[in-house]
Structure formats: structure tokens, C-alpha cells
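A quick write-up on the structure given underneath.
Where a number appears in this text, it was derived from the coordinates with a stated rule and is not lab data. Since this is a predicted model, take the numbers as computed values, not measurements. Positions of Cβ are generated from backbone atoms using ideal geometry, with glycine treated the same way; all protein chains shown enter the neighbour counts.
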Amino acid sequence: MDDIVKAALAKWPNVPHCYGWLGLDARGNWYMRDDRCQAAGPFARAEGDDRVASKGSLLKHEKLIEFIHRNYAADEQGQWFFQNGPQRVYVELENTPFIWRVQPDGRVRSHTGPDAGEVRQSLLDEQGRLYLVTAMGLGLVHTSDMALAADAVESGRWVPEPVQWSALPIDRGFVRSPQHLQVREAQPVGKT
């Protein structure tokens, strides 16, 4: 975490959290989601949800993206956020908290930049998407890197195990939509 962020947290410790305004897609791109975009629909379609997804505006400012990457973390509930000064901006995930980029030498890097570390497990969902569990956690292999990933599978370095996409958050301890969780927790008991 940046020193300037730590200083802001110390100065303003009780700033309310922000939900729904930032999304991470399955290719590692960040999207800003204003009120209009949020009203148009969720960042990503959830199982059983027939609403159209509304991603928002693709972030292109390199320095802002680097700042987000340096200050990206998870809370105790597995909700991923960007610590923006004293405020936590919770992230809507299209798939997983990390998007892995497979390097030609076989290393795996996070969409945030650092090496992911040793691949401990590989998983394949019902749609044919490949996930890796590394020292950093769970992530989806970027679609552009599937040829390199196929080489790792064919050589026996990775042996994918079957997994259900909908079960990943529960099995791996992360939340795809902190905004949806907030709304659900705010509802009176007995209402859904």
C-alpha cells in the first residue's frame, strides 16, 4: 500500500466504503461505473439473473491503473477493494480477483504486475475457462494466453481438475459482487 494512502487512513479513519463504482473484467481491465451505469444493470451477470450487464467506462489512464494495482487487496470476507486514500472502493468482479498472464518462459504474472508464484493447482470450469491457484490466490487465465496454458497442460505441468464456475467464490473464499452482498445484508430479515 502506498505511504500516501496509509497517511490518509490515519488522518480520516471513518470514511464510508464505496460499492459498485469499480469493476474488474475477465481480461484484467478496470471499469468505472457511475450512478447511471449502476442503474442500468450489474457489472456482470450472475447465475439466475436475467438483467443485462452494464460494465461502465473502461479506465485507460496508466497512472491511475498503476495506483489501483498497488492498493488492491481483500478484506476478511473475501471482498476485493481498492484503497483510495481513506476510502475503500469495493470491486465488482466479472470472474476472479486475479487475471493471470502466462509468460513464454512458463511463469505466471498477475494483471496487477507481480509474479503469481508457483502454480499449486489448475481448474477447468464447465465453460472451458482455466483457473490457476498460486501463492497469490485464485485467478483466471487470460484468454490471449490459452495457447501457452495449453502447452503447460499438454506437458503435464498443469493437470486441470473440474470445477463449477458458480462454486468458485464459496470454495475459494471471495465475493464477486460486494455491492450485491451489501444490498442483501441491508434487507430486513425474511425479505430477499
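Normalise the Cα radius of gyration of the chain by 2.2 N^0.38 Å (N = residues in it) and let me know the number.
1.07
If you filter region 14-87 for trypsin sites (Lys or Arg not before Pro), then keep DSSP loop positions with at most 16 other Cβ within 10 Å, what is left?
Values: sites: Arg27, Arg33, Arg36, Arg45, Arg51, Lys55, Lys60, Lys63, Arg70; in loops: Arg27, Arg33, Arg45, Arg51, Lys55, Lys60.
Here the sparse-neighbourhood loop sites are Arg27, Arg45, Arg51, Lys60.
Taking a quarter of the surface of the convex hull around the Cα atoms of region 45-113, what do you get in nm²?
6.8 nm²
Placing +1 on the Cβ of each Lys and Arg and -1 on the Cβ of each Asp and Glu in the chain, which of Leu140, Gly85, Thr96 has its Cα farthest towards the positive end of the resulting dipole?
The residue sitting farthest along the positive end of the dipole is Gly85.
Can you compute the radius of gyration and Dmax for region 98-164, using only the Cα atoms, both in Å?
My reading of the Cα-based Rg and Dmax gives 10.5, 29 Å.
Counting Lys +1, Arg +1, Asp -1, Glu -1, what net charge surrounds Gln103 among other residues with beta carbon under 10 Å of its beta carbon?
Charge balance in the 10 Å sphere: 0.
Would you mind finding the longest exposed-site-free stretch of the chain, with exposed GluC sites (Glu not before Pro) meaning DSSP loop and at most 12 other Cβ atoms within 10 Å?
My reading of the result: 127-192 is the longest stretch.
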